[in-house]
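*Asks:* Structure below; questions to follow.
The values are calculated or read from the model by the stated rules, or taken from the named source; none is laboratory data. In this text, all values refer to a predicted model and were calculated from it rather than measured experimentally. Note that each Cβ is placed from the backbone with ideal geometry, even for glycine, and that neighbours are counted across all protein chains shown.
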Amino acid sequence: MLIQNIQIKNFRNIKSADISFDEKMNVISGENAQGKTNIIEALWLFCGAKSFRGAKDASFIKFGEKEAKTEINFISGGIEHNAQMIFLEKKNAVLDENNLKSTSELAGSLKAVVFSPLDIMLINGGPDKRRRFLDVSIGQLYPKYISLLRKYNRALLQRNKIIKDYKYDPTVSVMLDVFEEELADSGSKIIEYRKRFIEKINSYLPKIFSGISSGREEISSLYVANEEGNMLAVRLKEERKENSFSGFTSTGPHRDDIDFLINGISAKNYGSQGQKRSVAISLKLSVLNVIYELSGEYPVCLLDDVMSELDENRQKYILNSVKEWQTFITCCDPSNVERLSGGKVFSVKNGGVEECI
């Protein structure tokens, strides 16, 4: 997996940029609020995922402009591809001159993993943050997983609308049967995908975490399902009355979670900030390895402003771990990564991008 270049027009604070990248290491330097993260974000969006900063589509367009556009040339599976993203009222995507129905259809074309200071929310945040992490990671490997999620969420939306009327009109049970059947079918498959992915994560996570923590602690991750897939249909019927009063569906993969355990104890509830940060980094590095194992290609590694938060040993471990990947690192001071040999360094100032010679 290799991103050759990117062209940017009116994306956030970047008026215009045409950047050719190194095959291995790319350092994007500049002071805060100059546009470094915007480049990382522009690259990440081509994975078919939403902004890792939680940004709305309208915020991608430079102030005062009506539209924005980004375009990349990349190599996947030994084949050159071109992808474009046009930002109007919503995002529109083009892949190899084919207009896509949704930007999520880019999933699987470009594989990448992004690291940012917000990753600690994978540990500190609510279950929705961890479910989204799973869905984005799995979707890059198995695009049909995205279709499963869509089917599940559509059925979930319909059941939630109908279930409120169940306490007044039991005859809506006929419609509930239809949507619960879809929920049980797609939901059980989603749970299976997630469990298999967590198993793969656990084949890398302990070793990586041990390396980051200097072997002082052990870690594991556990997928916590509020109901097994083969019992979803039964539980949904059993909970109709209760759900009719609450107004939402209380059982299914939209309620599941991941628990990270350090020496058998919940990292979220009892881990220090340093431990949680180490868990998040280990998790992302594990995903890089899982994607490589299952796809046969090194995914692109996007490191957004994470190096400055880490001590020297952790920095060295990460840089050594990603040396086989094409990597993009943002930093305020390029001397933070001066031990890197080769690659390209870019300077970003007021949305302008120049390569440092």
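*Asks:* Determine which member of the set GLU217, GLU199 is touching a helix residue (DSSP H, G or I) at 6+ places or on another chain (Cβ under 9 Å) and not aliphatic (A, V, I, L, M).
*Replies:* GLU217
*Asks:* How do the pairs read when you match residues in segment 209-232 that are more than 30 Å from LEU310 (Cα to Cα) with residues anywhere that are among the polar types (S, T, N, Q) and crowded, with 18+ Cβ neighbours inside 10 Å, using Cβ under 8 Å and keeping only pairs 6 or more apart or on different chains?
*Replies:* ASN226/THR251; GLU227/THR251; GLY229/SER188; ASN230/SER188; LEU232/SER188; LEU232/THR251
*Asks:* Also: Any residue that is of a type in the set (S, T, N, Q) and within 13 Å of the chain's Cα centre (by Cα) - is there at least one of those in segment 119-136?
*Replies:* No, there is no match, as no residue in segment 119-136 is of a type in the set (S, T, N, Q) and within 13 Å of the chain's Cα centre (by Cα).
*Asks:* A further question on this structure: Could you tell me which numbered condition LYS189 fails, if it satisfies all but one of (1) in a helix (DSSP H, G or I); (2) at pLDDT below 95?
*Replies:* (2)
*Asks:* Tell me, yes or no, whether segment 268-281 has at least one residue that is part of a loop (DSSP other than H, G, I, E, B) and under 30 Å from TYR166 (Cβ atoms).
*Replies:* no
*Asks:* Among the residues of segment 251-267, what is the count of those that are closer than 29 Å to LEU236 by Cβ and surrounded by fewer than 20 Cβ atoms within 10 Å (Cβ to Cβ)?
*Replies:* 5
*Asks:* For segment 203-220, give me each residue that is closer than 14 Å to ALA267 by Cβ and surrounded by 15 or more Cβ atoms within 10 Å (Cβ to Cβ).
*Replies:* Selection gives LEU205, PRO206, PHE209, ILE212, SER213, GLU217, ILE219, SER220.
*Asks:* Sticking with this structure for a sec: Of the residues SER278, SER246, SER286, SER250, which single one is of a type outside the set (Val, Ile, Thr) and in contact with a Leu (Cβ under 7 Å, 6 or more places away or on another chain)?
*Replies:* SER286
*Asks:* Please work out which residue is modelled with the highest pLDDT, limiting yourself to segment 301-357 and to residues that are under 27 Å from SER76 (Cβ atoms), assigned to a loop (DSSP other than H, G, I, E, B) and aliphatic (A, V, I, L, M).
*Replies:* VAL322
*Asks:* Give the residue that is nearest to LYS91 (Cα to Cα), with candidates limited to residues of segment 21-36 that are surrounded by fewer than 22 Cβ atoms within 10 Å (Cβ to Cβ) and polar (S, T, N, Q).
*Replies:* Looking at the filtered set, the residue picked out is GLN34.
*Asks:* For segment 94-132, enumerate the residues that are without any contact (Cβ under 8 Å) to a residue 24 or more places away in the chain and among the hydrophobic types (A, V, I, L, M, F, W, C).
*Replies:* VAL94, LEU95, LEU100, MET121
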